[in-house]
Structure formats: C-alpha cells, structure tokens
C-alpha cells in the first residue's frame with residue numbers, strides 16, 4: 001500500500017475535510033465580533049495561545065506553542081465569515097474556513113472546517129480534537145460574557 005493518495009480514487013478524498021461545530025447561546029453578531037478580534041484568539045484558540053498579539057500592517061503576529069505565527073482574517077462582513085490564514089513558523093500558510101450563523105435571536109452556530117492537507121490520519125484526528133476543544137472554549141467565553 002502506498003502512502004500517496006491517488007486523486008482519481010474517491011476513497012482517497014473522502015474525509016478530506018471535517019466540519020466541527022458548536023451552538024452558542026448568544027446572538028451571532030456578538031460571537032462574530034468576539035471571534036473576529038485577533039486579540040481574543042489567545043483566549044479561546046489553544047494553538048495560538050502564548051502571548052502578546054501585535055498588529056503588523058495587514059496581519060497580526062502572535063506567539064504560539066509552535067513559535068511566532070502570522071494571522072490574517074478576511075475583512076469584516078455581514079455574513080458571519082471568519083476565514084483566516086495562519087502562517088506557521090515554517091512559512092506554511094493554513095486557511096481556516098469559519099462561519100458564525102444565526103439560529104435564533106439569542107443563539108448561533110459556529111462551524112469550523114478542518115482541512116486535512118498533508119496530515120496523517122492520526123494528526124488529523126488530533127487536530128480535530130484540538131479544534132473541538134477550542135470551540136468549546138469559545139462557547140464558554142461567549143456565554144459567560
């Protein structure tokens with residue numbers, strides 16, 4: 001069995017991404033505003049926790065457990081789109097698609113699309129667990145506000 005996936009094999013692309021979500025008992029706009037502020041990332045995204053967040057022209061830089069990373073968000077928008085790119089110390093840029101969607105006046109759903117990229121199955125599962133924890137932390141932060 002080869003480690004490389006055959007792009008014509010539909011089984012090879014199954015599971016290429018996973019949608020992780022959490023329902024938060026707060027208005028969507030309040031959650032969006034909190035999550036869209038890069039200065040709040042260290043409070044709810046453990047992979048980006050570690051210290052000071054600084055504005056650098058069109059990006060934000062911050063210390064993380066991996067070292068110094070750069071984060072850039074899509075512009076503020078009325079659609080709840082929070083896509084952001086994290087540039088790792090290695091120079092690899094990872095796009096993180098995120099949506100905050102209203103469910104009711106005082107409830108919303110946050111959906112994070114985790115993309116496999118070059119991760120092994122074990123790394124993908126570990127990353128999915130970490131994202132689920134981050135979403136639970138975001139929920140706790142927003143609901144306690």
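Mind listing whichever residues of segment 93-106 are over 13 Å from the mean Cα position of the chain (by Cα), in contact (Cβ under 8 Å) with a residue 24 or more places away in the chain and assigned to a strand (DSSP E or B)?
The answer is 101, 102, 103.
Give the residue that is modelled with the highest pLDDT, with candidates limited to residues of segment 112-133 that are in a loop (DSSP other than H, G, I, E, B) and either in contact with a helix residue (DSSP H, G or I) (Cβ under 7 Å, 6 or more places away or on another chain) or under 14 Å from residue 22 (Cα atoms) (or both). Lay out the reasoning, then the answer.
To start, the set of residues in segment 112-133 that are in a loop (DSSP other than H, G, I, E, B) comprises 116-120.
Add one more test, that the residue is either in contact with a helix residue (DSSP H, G or I) (Cβ under 7 Å, 6 or more places away or on another chain) or under 14 Å from residue 22 (Cα atoms) (or both), and what stays is 116, 119.
Numbers: 116: 80, 119: 83.
Ranking the qualifying residues of segment 112-133, first place goes to 119.
Taking the stated definitions as given, is residue 109 assigned to a loop (DSSP other than H, G, I, E, B), in contact with a helix residue (DSSP H, G or I) (Cβ under 9 Å, 6 or more places away or on another chain) and either within 25 Å of residue 23 (Cβ to Cβ) or modelled with pLDDT of 95 or more (or both)? Reasoning before the result, please.
Details: assigned to a loop (DSSP other than H, G, I, E, B): no; in contact with a helix residue (DSSP H, G or I) (Cβ under 9 Å, 6 or more places away or on another chain): yes; either within 25 Å of residue 23 (Cβ to Cβ) or modelled with pLDDT of 95 or more (or both): yes.
No, not satisfied.
Restricted to segment 43-78, and to residues that are closer than 19 Å to residue 32 by Cα, in contact (Cβ under 8 Å) with a residue 60 or more places away in the chain and not in a loop (DSSP other than H, G, I, E, B), which residue is farthest from the chain's Cα centre (by Cα)?
43
Just to check your reading of the model, which residue among 50, 80 is in contact with a helix residue (DSSP H, G or I) (Cβ under 7 Å, 6 or more places away or on another chain), surrounded by 16 or more Cβ atoms within 10 Å (Cβ to Cβ), at pLDDT 90 or above and on the phi > 0 side of the Ramachandran plot? Even if it seems obvious, please write down each step before you answer.
Values: 50 fails: at pLDDT 90 or above.
80 is the lone residue from the list that is in contact with a helix residue (DSSP H, G or I) (Cβ under 7 Å, 6 or more places away or on another chain), surrounded by 16 or more Cβ atoms within 10 Å (Cβ to Cβ), at pLDDT 90 or above and on the phi > 0 side of the Ramachandran plot.
Out of all the residues in segment 57-64, is one or more within 18 Å of residue 134 (Cβ to Cβ), surrounded by 14 or more Cβ atoms within 10 Å (Cβ to Cβ) and at pLDDT 95 or above? Walk me through it before giving the result.
The initial filter retains those residues of segment 57-64 that are within 18 Å of residue 134 (Cβ to Cβ), namely 60, 62-64.
From the residues that got through so far, the ones that are surrounded by 14 or more Cβ atoms within 10 Å (Cβ to Cβ) too are 60, 62-64.
If we keep only those that are at pLDDT 95 or above as well, we get none.
Scanning segment 57-64 turns up no residue that is within 18 Å of residue 134 (Cβ to Cβ), surrounded by 14 or more Cβ atoms within 10 Å (Cβ to Cβ) and at pLDDT 95 or above.
Failed condition for residue 90, given (1) under 24 Å from residue 39 (Cβ atoms); (2) without any contact (Cβ under 8 Å) to a residue 24 or more places away in the chain, with all others met?
Failing condition for residue 90: (1).
The values are calculated or read from the model by the stated rules, or taken from the named source; none is laboratory data. Since this is a predicted model, take the numbers as computed values, not measurements. Cβ coordinates were reconstructed from backbone atoms using ideal geometry, including for glycine residues, and neighbour counts include every protein chain displayed.
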